[in-house]
Structures are given as C-alpha cells and as structure tokens.
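**Student:** I have a structure here, written as structure tokens, and I will follow up with some questions on it.
The values are calculated or read from the model by the stated rules, or taken from the named source; none is laboratory data. Values in this document were obtained by computation on a predicted structure and should not be read as measured data. Glycine also receives a Cβ, built like all others from the backbone with ideal geometry; neighbour counts cover every protein chain displayed. Note: accessible area is taken over every heavy atom of the protein model, side chains too, but ligands, DNA and RNA are not part of it. Shrake-Rupley method; radii C 1.70, N 1.55, O 1.52, S 1.80 Å.
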Amino acid sequence: MKKEILVVGIDGGATKTAAVLADGSGAILARSVSGPSNFQIIGTEEAGKAILKAVKECCAAAGRKVNNLDAVVAGLTGAGREDDQNRMAEALMKNAAGRNLLLKNVRVVSDALIALEGAFRGAPGVILIAGTGSIALGRKSDGSVVRAGGWGRIIGDEGSGYAIGRAGMAAVCRHLDGRGRITSLTGMVASTFGLSTQEDIIRRVYREGLDLASIAPLVFQSAREGDSVCSAILRDAAADLVDHVRAVLRQMDITDGRARLAFAGGLLTGGDVFPEILRSHLAEQFPTMMIHEPELSPAEGAALMAVNLLSTTTTSRSI
C-alpha cells in the first residue's frame with residue numbers, strides 16, 4: 001500500500017500558534033492551537049515547545065504519529081531573515097529530538113510568506129498585511145516574491161497599529177501643549193490609561209515602555225465618533241498602506257493596477273472603520289484592482305508550502 005503523505009503547516013505569532021495537518025493532496029485532517037511562538041520575544045526554546053505542542057496535538061487529533069510527518073513548514077512572526085529561520089528550525093528539531101521525535105523537511109519562513117501563499121493558493125497576487133506592523137508581498141507570474149515594508153516600528157511599519165497609536169499619542173501631546181488641534185482622543189487616553197499630564201505620559205512611554213499600538217483602538221473609536229484629528233490619522237495611515245501596494249506593483253511590473261489583492265492582519269480583517277477607509281483609497285488609486293478574501297488561512301498556506309516542498313527535495317532536512 002502506498003505510504004500516506006503527511007505535512008503540518010504552522011502560523012505562529014505573539015499570541016498563539018495555529019497548526020493544520022494535511023495529506024499530500026492538501027486536504028486538512030486536523031487543526032490545533034497552542035501558545036505564542038514569537039521567538040524574537042520568548043526565545044527559540046520556548047517557541048519550539050509551543051510549535052511542537054501544536055504539531056503533536058494535530059497528529060493526535062487525526063490519529064497520526066509525529067514521526068510519520070513528511071514535512072513541516074512554520075511561518076513565524078519575526079522570521080524574515082535567513083539566519084533567524086535557520087536558528088529557529090534548529091531549535092525546533094532539537095526540541096523534538098529531546099522527546100525522541102524526528103521532524104523531517106523542516107522549513108521556517110516569515111508569517112507574511114505563508115499568508116501570501118494561502119491567499120492565492122500559490123498563484124500570483126498581492127497581500128497587504130497590517131497589524132502591529134505592516135508589510136506587503138507580491139508573487140509574480142514566474143513565482144518570485146517581492147516585498148515592501150516590514151522594516152519594523154523604529155524605522156518603518158507605516159500604516160500599522162503601532163504607527164497609528166504613535167500618531168494618536170503625538171496628537172494628544174500637541175493638544176496638551178496648545179500647539180495642535182483639540183481632539184477627543186486626549187480624554188480617552190486620560191480615562192483609559194490614566195495619562196493626563198506631560199509627566200504621566202513621558203514616564204509611561206519612556207520609562208515604563210507603554211506599547212503605543214494599544215492607543216490605536218482609541219484612535220479608531222474617536223474617528224468613528226467624528227473626531228477630525230483621528231480621522232486624518234487614519235487617512236494618512238491608509239495612504240501609507242497604499243504606498244506599500246504601489247511599490248509592490250511596481251516591482252511586479254504592473255502599471256495599470258490590474259492585480260488581485262488580499263488583506264491580512266488585525267487592522268484590515270476586523271469590522272472597524274479603517275478597512276473601509278483603505279478600500280476607498282485603493283479604489284481611487286487603482287480602480288481596476290480586485291480585492292479578494294484569502295482562499296486559505298496562513299496555516300493552510302504553510303501546509304500547501306510543505307506539500308510543494310516535498311516535490312522539490314528528497315533530503316531529510318530543508319531549512
């Protein structure tokens with residue numbers, strides 16, 4: 001009897017790790033969710049434990065054995081660089097070996113790449129991702145992938161939750177100084193975070209490390225209620241994300257905007273006001289662009305990559 005092909009796709013981030021078990025045709029056999037696996041924050045050992053837990057639970061749910069897996073592809077937050085990918089893959093296999101488990105054909109990639117893979121089932125298209133950070137990826141007709149953004153919060157991530165939160169807090173500071181327009185966000189920040197004076201804000205931001213992305217939901221709320229300052233912040237953020245798409249289209253040699261686009265990330269997949277503002281900007285700039293719902297989830301995209309990996313390698317490990 002022909003051996004059953006089994007693969008696992010992983011979507012791992014700062015809050016959870018989603019896994020899917022699939023057969024050689026891509027049919028999903030089981031799903032599981034475990035804890036966070038952002039190795040840039042919790043380290044490769046802890047991230048490896050979370051990933052392996054998700055793999056084991058997937059296999060157990062389908063009555064399969066981990067040692068019978070043919071490939072594992074893990075798309076992880078913070079895994080955009082080759083040395084980090086290698087480091088995390090080594091940690092995952094070491095974690096498995098310590099439990100007398102063998103993982104074959106392990107590959108670690110960025111979470112953005114598996115989102116792109118899943119969105120169009122490996123076909124050409126563009127995915128725009130905006131959560132705490134921001135990035136856009138595009139797959140060309142020859143299969144190559146191009147990107148714009150993904151530079152991180154200090155020198156990039158325009159249009160992201162962090163950038164929106166930072167802009168919101170800056171608007172509050174200008175309001176308090178009397179050098180900026182009045183915004184209802186000032187009162188919201190005071191009531192939600194207890195920050196109403198310069199001393200409070202500086203201490204919380206610079207000494208206590210307030211995550212500025214946590215201000216973004218208040219910017220959305222204020223904009224929904226008609227605040228002009230916060231509405232302008234969201235329009236600027238949407239324009240920044242349109243610039244991401246424009247840069248990717250340029251690299252794909254698409255001059256007329258005729259491309260398929262999908263959204264991913266918490267800022268763009270929720271029911272808030274921001275996705276509608278972004279859609280309006282995109283329609284104005286690229287009237288021929290087609291916006292699609294992703295065909296597969298990122299974890300399913302990772303499983304699809306794992307199936308494809310088997311067709312291109314016969315080695316016991318691919319990183």
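**Student:** From the list Ala54, Ala18, Ala71, Ala22, exactly one residue is hydrophobic (A, V, I, L, M, F, W, C), under 23 Å from Leu116 (Cβ atoms), within 19 Å of the chain's Cα centre (by Cα) and open to solvent by less than 10 Å² (accessible area, probe 1.4 Å). Which is it?
**Tutor:** That would be Ala54, the only listed residue that is hydrophobic (A, V, I, L, M, F, W, C), under 23 Å from Leu116 (Cβ atoms), within 19 Å of the chain's Cα centre (by Cα) and open to solvent by less than 10 Å² (accessible area, probe 1.4 Å).
**Student:** Sticking with this one: Taking the options Lys94, Lys3, name whichever one is touching a residue at least 40 places away in the same chain (Cβ under 8 Å) and either open to solvent by 70 Å² or more (accessible area, probe 1.4 Å) or of a type outside the set (Gly, Ala, Ser) (or both).
**Tutor:** Lys94
**Student:** Continuing with the same structure: How many residues does the range 252-265 contain that are surrounded by 16 or more Cβ atoms within 10 Å (Cβ to Cβ) and either more than 14 Å from the chain's Cα centre (by Cα) or within 17 Å of Glu158 (Cβ to Cβ) (or both)?
**Tutor:** Within the range 252-265, residues that are surrounded by 16 or more Cβ atoms within 10 Å (Cβ to Cβ) and either more than 14 Å from the chain's Cα centre (by Cα) or within 17 Å of Glu158 (Cβ to Cβ) (or both) number 9.
**Student:** Of the numbered conditions (1) farther than 21 Å from Gly150 by Cα; (2) at pLDDT below 90, Asn38 satisfies every one except a single condition; which is it?
**Tutor:** Against the list (1) farther than 21 Å from Gly150 by Cα; (2) at pLDDT below 90, Asn38 comes up short only on (1).
**Student:** Moving to a separate point now. Of the numbered conditions (1) assigned to a helix (DSSP H, G or I); (2) surrounded by fewer than 19 Cβ atoms within 10 Å (Cβ to Cβ), Ala115 fails exactly one; give the number of that condition.
**Tutor:** Result: Ala115 fails condition (2) only.
**Student:** List every residue pair whose Cβ atoms lie under 8 Å apart, where the two residues are 6 or more positions apart in sequence or sit on different chains, the first residue falls within the range 73-89 and is at negative phi, and the second residue, located anywhere, is open to solvent by 60 Å² or more (accessible area, probe 1.4 Å) and polar (S, T, N, Q).
**Tutor:** Close Cβ pairs satisfying both conditions: Thr77/Gln40; Asp84/Gln40.
**Student:** Moving on to the next point. Identify all residues within the range 14-61 that are farther than 24 Å from Ala213 by Cα, assigned to a loop (DSSP other than H, G, I, E, B), out of contact with any strand residue (DSSP E or B) (no Cβ under 8 Å at 6 or more places or on another chain) and not aliphatic (A, V, I, L, M); write none if there are none.
**Tutor:** Of everything in the range 14-61, those that are farther than 24 Å from Ala213 by Cα, assigned to a loop (DSSP other than H, G, I, E, B), out of contact with any strand residue (DSSP E or B) (no Cβ under 8 Å at 6 or more places or on another chain) and not aliphatic (A, V, I, L, M) turn out to be Ser25, Gly26.
**Student:** Just to be sure, is Gly78 part of a loop (DSSP other than H, G, I, E, B) and within 29 Å of Ala262 (Cα to Cα)?
**Tutor:** Answer is yes for this residue.
**Student:** Continuing with the same structure: So for the range 103-110 (the condition being under 21 Å from Pro298 (Cβ atoms), touching a strand residue (DSSP E or B) at 6+ places or on another chain (Cβ under 9 Å), assigned to a strand (DSSP E or B) and free of Cβ contacts under 8 Å to residues at least 60 places away in the same chain), does at least one residue qualify?
**Tutor:** Checked against the condition, which is being under 21 Å from Pro298 (Cβ atoms), touching a strand residue (DSSP E or B) at 6+ places or on another chain (Cβ under 9 Å), assigned to a strand (DSSP E or B) and free of Cβ contacts under 8 Å to residues at least 60 places away in the same chain, the range 103-110 yields at least one hit.
**Student:** Taking Leu185, is it within 19 Å of the chain's Cα centre (by Cα) and either at pLDDT 95 or above or open to solvent by less than 30 Å² (accessible area, probe 1.4 Å) (or both)?
**Tutor:** Details: within 19 Å of the chain's Cα centre (by Cα): no; either at pLDDT 95 or above or open to solvent by less than 30 Å² (accessible area, probe 1.4 Å) (or both): yes.
So Leu185 fails the test.
**Student:** Restricting to helices (runs of 4 or more DSSP H) lying wholly in the range 211-271: which have 1 or more residues that are in contact with a Ser or Thr (Cβ under 6 Å, 6 or more places away or on another chain)?
**Tutor:** Here the list reads 216-224, 228-251.
**Student:** Turning to a different aspect of this structure: Counting just the residues of the range 198-225 that are free of Cβ contacts under 8 Å to residues at least 12 places away in the same chain and open to solvent by less than 60 Å² (accessible area, probe 1.4 Å), which one comes out farthest from Gly159 (Cα to Cα)?
**Tutor:** Asp200
**Student:** Please indicate, with yes or no, whether at least one residue in the range 290-306 is open to solvent by 50 Å² or more (accessible area, probe 1.4 Å), of a type in the set (A, V, I, L, M) and within 20 Å of Arg147 (Cβ to Cβ).
**Tutor:** Within the range 290-306, one or more residues are open to solvent by 50 Å² or more (accessible area, probe 1.4 Å), of a type in the set (A, V, I, L, M) and within 20 Å of Arg147 (Cβ to Cβ).
**Student:** For the range 141-173, which positions are open to solvent by 80 Å² or more (accessible area, probe 1.4 Å) and touching a helix residue (DSSP H, G or I) at 6+ places or on another chain (Cβ under 9 Å)?
**Tutor:** Of everything in the range 141-173, those that are open to solvent by 80 Å² or more (accessible area, probe 1.4 Å) and touching a helix residue (DSSP H, G or I) at 6+ places or on another chain (Cβ under 9 Å) turn out to be Arg147, Arg153, Arg166.
**Student:** Something else: Out of all the residues in the range 283-304, which are more than 18 Å from Pro124 (Cβ to Cβ) and aliphatic (A, V, I, L, M)?
**Tutor:** Selection gives Ala283, Ala299, Ala302, Ala303.
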